[in-house]
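Only one structure is covered here, and it is reproduced in the block below.
The values are calculated or read from the model by the stated rules, or taken from the named source; none is laboratory data. Please read these numbers as outputs of a predicted model, since none were measured by experiment. Backbone-built Cβ (ideal geometry, glycine too); neighbour counts: all protein chains shown. Ligands, DNA and RNA are stripped out before the accessible areas are found, and what is left, the full protein with its side chains, is counted by its heavy atoms. Shrake-Rupley method; radii C 1.70, N 1.55, O 1.52, S 1.80 Å.
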Amino acid sequence: MEALIPVVNKLQDVFNTVGTDIIQLPQIVVVGTQSSGKSSVLESLVGRDVLPRGTGIVTRRPLILQLVHIDPEDRRKTSEENATESKKNGRLYRGIDGEEWGKFLHTKNKIFTDFEEIRQEIEAETQRISGNNKGISNEPIHLRIFSPHVVNLTLVDLPGITKVPVGDQPKDIELQIRELIFKYIFNPNSIILAVTAANTDMATSEALKVAREVDPDGRRTLAVVTKLDLMDAGTDAMDVLMGRVIPVKLGIIGVVNRSQLDINQKKLVADAIRDEYAFLQKKYPSLANRNGTKYLARTLNRLLMHHIRDCLPDLKTRINVLASQYQSLLNSYGEPVEDKSSTLLQLITKFAAEYCHTIEGTAKYIETTELCGGARICYIFHETFGRTLESVDPLGGLTTIDVLTAIRNATGPRPALFVPEVSFELLVKRQVKRLEDPSLRCVELVHEEMQRIIQHCSNYSTQELLRFPKLHDAIVEVVTSLLRKRLPVTNEMVHNLVAIELAYINTKHPDFADACGLMNNNIEEQRRNRMRDLPSAVPRDKAAASGSQSGAASEQTDGGTGNWRGMLKKGEDGPATDRAMLQAPPPANPHKGYAVNLLDVPVPVSRKLSSREQRDCEVIERLIKSYFLIVRKNIQDSVPKAVMHFLVNHVKDCLQSELVGQLYKTGLLDDLLTESEDMAQRRNEAADMLKALQKASQVIAEIRETHLW
């Protein structure tokens, strides 16, 4: 058990250079209000005047005090080692044969045998960091005291809790001190030594209040009541020391400090401890053996040993886990570059391979939150692009009047007996042209995804690139440039695919021929049904003739050919007077006599179509729809193939050669493989921490399990 505290001291030394926050070592943290006697308690434990004393805030930096018990044999051996070390360094320290001495971490191997020098060094080091004002600092001072008169302990002396800024202290001094205290007592492996003066009410103890905030069960809190000799006449601390006022699980121990007069008169700590024992025997005889500085030292030693024993298994596990984490972190930072040419080629090759693997779906790091790489390209082809094409209406933006107008425009000045094919071609080209924009948008989406793959490979697959920001930027620029060069070529091919469909309307397409045959059968069947519905008294041929005449008469529409043809037909069949009336219409303008301007004839916006017009429009619309669906199917199949060939596969095939050709040049090696400014520093920090963790693991491994019990 006695070996446990030196083990923690070794661990403390191991982590001094890299910071002990990460490891949470067992230690005793002294907490109390300003001038409550914290430093006096520590001096009593040391047995020497070692800490700065005075009024106001004296302790302004955390002091990590390690007390190391030595026997004469150890002292002689240590003296020999130090003498040998001193000779190596070219200097021989005097007074090394002294009974007690101290060492600071910041002074390396310098030995202090004069405790007055130790106190002055603490003051000087405090002012060096915290300044001459009354401000505080988070950076600790590490002091180790070797003495045969101390027990093995590790204590942390903290600035006293204060409420009101004094002098040139910062306005938030209370908050700063509380944050500093909580930084140490939040460590679950720390024991809280809550110091309270006996001449104050325990119910108002700030130290106990702060301790209870982080240790509500009180399992790691020990209370110390100081200044028992300064209580008002007629009062005593019996109830407090018995735990009747505020119970504390680890106990309450009373001590008597030296007064400022005693300190000024250089009263020895040993004499003060004798006087303390006499005071306790006189004032609290029944409690004398469970109070006092010596009992406090033994209790702290016992508590710390048992606490270390309880914490050690978890500490060992934590050190091993952290060592593994820092080993992985160090591996991710990589080794310093020696062969730059080889390193550059490896990084370029690895990036190109990862880029291709991401497209193919065989990448080492597979995204689980969203589609990426080849999977997203597939989604664009078959979901985004496919659905967009399916949502395009074959007759969208095409009204019946548009179809009728196109039919009539295609006939020229002659009335048409049949539906002209030119009108079908004109209208179907107009509809097929609408497929070009979704196709070009598909190319754009695939291009954007190819860009996103660059960032994906940089973040997940090739973390080495993060070491070399200039190389990373150069690779991104080369790949982006390659994609940018392929984009116009792919767009041109997709544009040509649509242009090919527009260039030749293949009415002999098998699917289209089948649709036309089916449609003709339907039209013929409708005609037969109309003939069957006619009265039996009317001959079939005359009925057909009258039907054609009525169809021709109904062509009196928006002026032009149909209107004139209807008027002439009526003139021929009617009496002469009617024909004369038709030939001499009223003048449109009195100044122009009987001249007629055909352009002034109003064109009706909407009207009821004749049966023939309806039939013609239906025929054209059905043909357009049938042919549009054939072209849409072709486009839906050919555009993804074109994008894969001209963009995706071309980039995959040419990426590595493009990267090597652009970047693998002797003049660019030094510039591209320049590490980021903080990368070398982070690698060194990780290496130091890993070294400390490995050393700490060795220190703990030296303890046999039997020592724990």
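Some points to look at:
- The lone criterion from (1) part of a helix (DSSP H, G or I); (2) in contact with a Ser or Thr (Cβ under 7 Å, 6 or more places away or on another chain); (3) open to solvent by 70 Å² or more (accessible area, probe 1.4 Å) left unmet by Arg318 is number (2).
- In segment 117-139 there is no residue that is among the aliphatic types (A, V, I, L, M) and in a strand (DSSP E or B).
- Unique residue being surrounded by fewer than 15 Cβ atoms within 10 Å (Cβ to Cβ), at pLDDT below 90 and touching a Leu at 6+ places or on another chain (Cβ under 9 Å) when the list is Gly559, Gly574, Gly667: Gly574
- Test: residue in segment 272-284 that is more than 30 Å from Pro216 (Cβ to Cβ), in contact with a helix residue (DSSP H, G or I) (Cβ under 9 Å, 6 or more places away or on another chain), at pLDDT below 85 and buried (at least 20 other Cβ atoms within 10 Å of the Cβ): no
- Among the residues of segment 667-700, those that are among the polar types (S, T, N, Q) and without any contact (Cβ under 8 Å) to a residue 12 or more places away in the chain comprise Gln681, Asn684, Gln698.
- Qualifying residue in segment 322-333 (condition: in contact with a Ser or Thr (Cβ under 8 Å, 6 or more places away or on another chain) and at pLDDT below 80): no
- Thr362 meets all of the listed conditions (1) hydroxyl-bearing (Ser, Thr, Tyr); (2) open to solvent by 30 Å² or more (accessible area, probe 1.4 Å); (3) in a helix (DSSP H, G or I) but one, namely (3).
- Hey, Ala203 open to solvent by less than 70 Å² (accessible area, probe 1.4 Å) and over 22 Å from Arg119 (Cβ atoms) or not: no
- The set of residues from segment 285-300 being open to solvent by less than 30 Å² (accessible area, probe 1.4 Å) and over 17 Å from Thr221 (Cβ atoms) comprises Leu287, Ala288, Asn291, Gly292, Thr293, Ala297.
- Among the conditions (1) open to solvent by 20 Å² or more (accessible area, probe 1.4 Å); (2) modelled with pLDDT of 70 or more; (3) more than 26 Å from Asp215 (Cα to Cα), Gln34 misses just one, which is (3).
- Checked against the criterion of being closer than 24 Å to Glu335 by Cα, in a helix (DSSP H, G or I) and in contact (Cβ under 8 Å) with a residue 24 or more places away in the chain, segment 623-630 contains not a single residue that satisfies it.
- Asp232 vs. criteria over 30 Å from Glu179 (Cβ atoms), among the acidic types (Asp, Glu), open to solvent by 70 Å² or more (accessible area, probe 1.4 Å) and in contact (Cβ under 8 Å) with a residue 40 or more places away in the chain: no
- Among the candidates Val337, Val428, Val422, Val432, residue that is out of contact with any Gly (no Cβ under 9 Å at 6 or more places or on another chain), surrounded by fewer than 15 Cβ atoms within 10 Å (Cβ to Cβ) and of a type in the set (Val, Ile, Thr): Val422
- Segment 206-229, residues that are in contact (Cβ under 8 Å) with a residue 40 or more places away in the chain and either over 21 Å from Pro285 (Cβ atoms) or open to solvent by 30 Å² or more (accessible area, probe 1.4 Å) (or both): Glu206, Ala207, Leu208, Val210, Ala211, Arg220, Leu222, Lys227, Asp229
- Test result for Thr126, among the hydroxyl-bearing types (Ser, Thr, Tyr), at pLDDT 80 or above and open to solvent by less than 30 Å² (accessible area, probe 1.4 Å): yes
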